[in-house]
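The values are calculated or read from the model by the stated rules, or taken from the named source; none is laboratory data. The structure presented is a predicted model; accordingly, all values stated were derived computationally and were not measured. Note that we place each Cβ from the backbone using ideal geometry, even for glycine, and neighbour counts take in every protein chain shown.
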Amino acid sequence: MAKSGVLQYAVQLDSVTKKYRSGRNEVHALRGITAAFPTGSFTAVMGPSGSGKSTFLNCVAGLDHPTSGHILLGGTELSGRTEAQLTEFRRDRIGFVFQAYNLLSALTVEDNVTMPLRLADAPVDHQHLSFVLSAVGLAEHRTRRPNQLSGGQQQRVAIARALITRPDLVCADEPTGALDSRTGRQVLALLRQVVDEMGQTVLMVTHDPVAAAQADTVVFLADGQLAGELRAPTPEQVAERMTRLGEA
Ligand SMILES: Nc1ncnc2c1ncn2[C@@H]1O[C@H](COP(=O)(O)OP(=O)(O)OP(=O)(O)O)[C@@H](O)[C@H]1O
């Protein structure tokens, strides 16, 4: 999203490579990725199985180290940081939404959502908490526990938890993978709303063309390299591109 006429990027990658050693073999999971994702944008990452999507997301989120290249998140260079610095960076600057909601069953909705603040020893901004809980439609359920919620509601808690620190980036890995299609659509609409109304930046890995079509842009990976992108995509265009990349 342009601010003061200047395009700002939440995430920038410059020539990022990742090699894994697997026995005697080297696997080139990422082969020189250069890309930039504007602040306030919603991007889906797609590609055939093994194309490097998870590696890409893990490197951007500071969960894994690139072998070479640079990643800037909110203007901060990730390389050269210690594990402790990366842990702190992730906690404060990145929100995560996974296929499995990863909620703590003994805690209420509200305590799950504020967990990242407690881990950071940061005070709870109650106004922001109420805003986030309302935004995800859980204001009425703040004292419930996860087992008293539907799958879609649990994913909403996870999204609220991802937003509570006002992160530079929300990383979503198959966020609708465990949901039926109707509930999945509601969760995607919420992610869309988070981008449009809160100005959040969302990067989402998905296998689902319908999910990807909610994004502003879909970037495709094939064999660890960028293989094009689609702006304002339709599910049909995404599915057709995936078929061409070798995945039905
Ligand atoms: N820890 C690891 N050690 C060795 N090789 C790995 C490791 N993690 C990933 N790879 C390899 O790197 C390549 C990219 O894997 P990655 O998981 O990023 O792909 P993906 O596109 O997310 O796949 P999927 O859609 O199946 O989840 C694959 O060849 C994979 O086998």
Which of the residues that make up the stretch 22-41 are in a strand (DSSP E or B) and more than 7 Å from the ligand (Cβ to nearest atom)? Asn25, Glu26, His28, Leu30, Arg31, Gly32, Ile33, Thr34, Ala35, Ala36, Phe37, Pro38
Filtering the stretch 67-87 for residues that are farther than 22 Å from Met204 by Cα and assigned to a helix (DSSP H, G or I) leaves a count of 3
Filter the stretch 42-65 down to residues that are away from the ligand (no atom under 12 Å from the Cβ) and farther than 21 Å from Asp92 by Cβ and give me whichever is surrounded by the most Cβ atoms within 10 Å (Cβ to Cβ). Ala44
Exception for Ala36 within (1) closer than 22 Å to Val238 by Cα; (2) touching a Pro at 6+ places or on another chain (Cβ under 7 Å) falls at (2)
Just to be sure before I move on: is Arg90 over 22 Å from Ala212 (Cα atoms), more than 16 Å from the ligand (Cβ to nearest atom), basic (Lys, Arg) and in contact with a Gly (Cβ under 6 Å, 6 or more places away or on another chain) in the structure I sent? yes
Does any residue of the stretch 118-134 turn out to be of a type in the set (D, E, K, R), in a helix (DSSP H, G or I) and away from the ligand (no atom under 16 Å from the Cβ)? yes
How many residues, within the stretch 8-41, are buried (at least 22 other Cβ atoms within 10 Å of the Cβ) and more than 22 Å from Ala213 (Cβ to Cβ)? 6
In the stretch 210-227, how many residues are at pLDDT 95 or above and within 16 Å of the ligand (Cβ to nearest atom)? 11
Kindly provide the set of residues from the stretch 115-141 that are closer than 24 Å to Thr183 by Cα and in contact (Cβ under 8 Å) with a residue 12 or more places away in the chain, ordered by number. Leu129, Val132, Leu133, Ala135, Val136, Gly137, Leu138, His141
Among Ala222, Ala178, Ala239, Ala162, which is without any contact (Cβ under 8 Å) to a residue 40 or more places away in the chain and not acidic (Asp, Glu)? Ala239
Can you work out which of the residues in the stretch 152-177 that are touching a helix residue (DSSP H, G or I) at 6+ places or on another chain (Cβ under 6 Å) and farther than 26 Å from Asp92 by Cβ is modelled with the highest pLDDT? Gly152
